[in-house]
1. So, in segment 416-430, of the ones that are hydrophobic (A, V, I, L, M, F, W, C) and part of a helix (DSSP H, G or I), which residue ends up surrounded by the most Cβ atoms within 10 Å (Cβ to Cβ)?
2. Do we find a residue being touching a residue at least 12 places away in the same chain (Cβ under 8 Å), among the acidic types (Asp, Glu) and in contact with a helix residue (DSSP H, G or I) (Cβ under 9 Å, 6 or more places away or on another chain) anywhere in segment 132-143?
3. Considering only segment 161-183, I want to know if a residue exists there that is under 30 Å from Lys313 (Cβ atoms) and either modelled with pLDDT of 85 or more or acidic (Asp, Glu) (or both).
4. So, of the residues in segment 72-94 that are closer than 18 Å to Asn329 by Cα and assigned to a helix (DSSP H, G or I), which turns out to be modelled with the highest pLDDT?
5. What number goes with the only condition from (1) of a type outside the set (Gly, Ala, Ser); (2) in a helix (DSSP H, G or I); (3) at pLDDT below 90 that Glu35 does not pass?
6. So which residues in segment 410-426 are within 29 Å of Tyr364 (Cα to Cα) and without any contact (Cβ under 8 Å) to a residue 24 or more places away in the chain?
7. Looking at Glu433, Glu453, which is the one that is at pLDDT 85 or above and exposed (fewer than 15 other Cβ atoms within 10 Å of the Cβ)?
8. For segment 342-366, enumerate the residues that are surrounded by 18 or more Cβ atoms within 10 Å (Cβ to Cβ) and farther than 18 Å from Glu385 by Cα.
Amino acid sequence: MTTALKIAQNLYCSGNYKESLEAYEEILKNPSSPEEEGIAHTMIACLYESCDCFAAPGRGDIVREHMKKACDLSCPLALLYSPSPVPVELTDREENELVDQVLILAKDGNTLAMQLMGSFMDEKISPEEGYEKARRWMEKAAGLGDPKAMINLGKLLQVKGFEGHDDELALSWYRKASERGLSYGTYEEGCCYLYGEGTARDISKGFALMEKAAEGGSDIACQELWHFYSGIKPVGPQFFDNSEKARKYLHLAYERGNDEAALDMALAILKSKTADKQVLQEVMGYLKEAEDRGSVKATTMIGQLYYNGLMGKHREKGIPFLKKAAKFNEPTALALLGSALMNGRGIRKNVPRGMEYMEKAAEYGDSEGLAEMAWYFSDNNRLKEALEYARKAVEQDAPTGEAEYLLATMYFKGRGVERSNEEGRKYLKAAVEKGCPRAISLDREMRQKATMEGLKEDDFIFR
């Protein structure tokens, strides 16, 4: 680590955030190497992301700007930083090479590198050894005064099932980070009081700390308060149904440039009002602003609004947005684009290409794509493929229950499988539990027919 980087980091670890920022900005005026320049950009992004004194409008833009420059310089800290505001796709080999570079920086005293090393659980060792390795790195960084490391150490100490689990010690580290002026520490301290972790439960004190964190610059505190005050995530009856406060804190995070808050604002408006033209324009305003700042999720939501017909009969206008988001492997965009290609909606029909997108959507977390593929094959009487994809969707716990419903009908009718009333009922029950409308309707119909024929429900055979 160069002398200039050491000075900047020491200022950061001692709580002198503004002076640390100035030191990193000074490095960028005349960096001694691309490596030094990349580290400076990454640390500036981290400062703007987490420190109260930078809780200002446009902060999200500044974070992305510096992270992008650091990634362009192939800075290992930026490329491995998670969650990174700049999507980066790495092969296993590339990631391993970057981990080796980060290890060198960690041994040289960079506390962010230490935290990144602490976040990697070595697959070659047991979970217990991996946990101890992670904790040692976090303790080292926290001991040097890094406030974010204090929070990360606290989170590790709260992981249940390991010998080092200690909620009280975790709370003490959150307090230290809070005392260093980090609102995220105040937020975590508030969570401990809200849920009685490491201390007696005190909802009033928890909310007071949460509000202090939100006012001080913690976007996650703003979003949690929105969840609490709007009743999405109830904690205590005295804090329910305060929509004015809910919107206040969500808007506070949005004004700071938080993309997730912009998306939440858009969703909150859609759910609370009839989606007329004026409301949709307001929603689109939030989404466009988030997209301009680089939010892939916002791009996906714009594509969804067009594709699902909420912006008029212009389904094809959603395709460019979905394509743009799909380049970043956004699961919902991949699934919708796959569906569009498979069915020729808003785009020329291309089933093989559509299935490729569906497969990729499932790979990146959208298991409903697998269910939709299963139904496509079923509708085209390709039962072997339908069975394969329906089972994959069930294995990945696709949320809507459509895969379970399909399997139920296949077993009831003996389509592609040996007929089995028992298996059919098992999958139908699972689909009903997930709230699948078609499954609920079929289950009701079977119960009624069983009653009419004077049979027990388990004796009734689907025809």
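The values are calculated or read from the model by the stated rules, or taken from the named source; none is laboratory data. Not measured: the values here are computed from a predicted model. Cβ coordinates were reconstructed from backbone atoms using ideal geometry, including for glycine residues, and neighbour counts include every protein chain displayed.
1. Leu428
2. Yes - at least one qualifying residue is present in segment 132-143.
3. no
4. By that ranking, first place goes to Leu79.
5. (3)
6. Lys426
7. Only one candidate passes the filter, namely Glu433.
8. Gly346, Ile347, Asp366 - these are the residues of segment 342-366 that are surrounded by 18 or more Cβ atoms within 10 Å (Cβ to Cβ) and farther than 18 Å from Glu385 by Cα.
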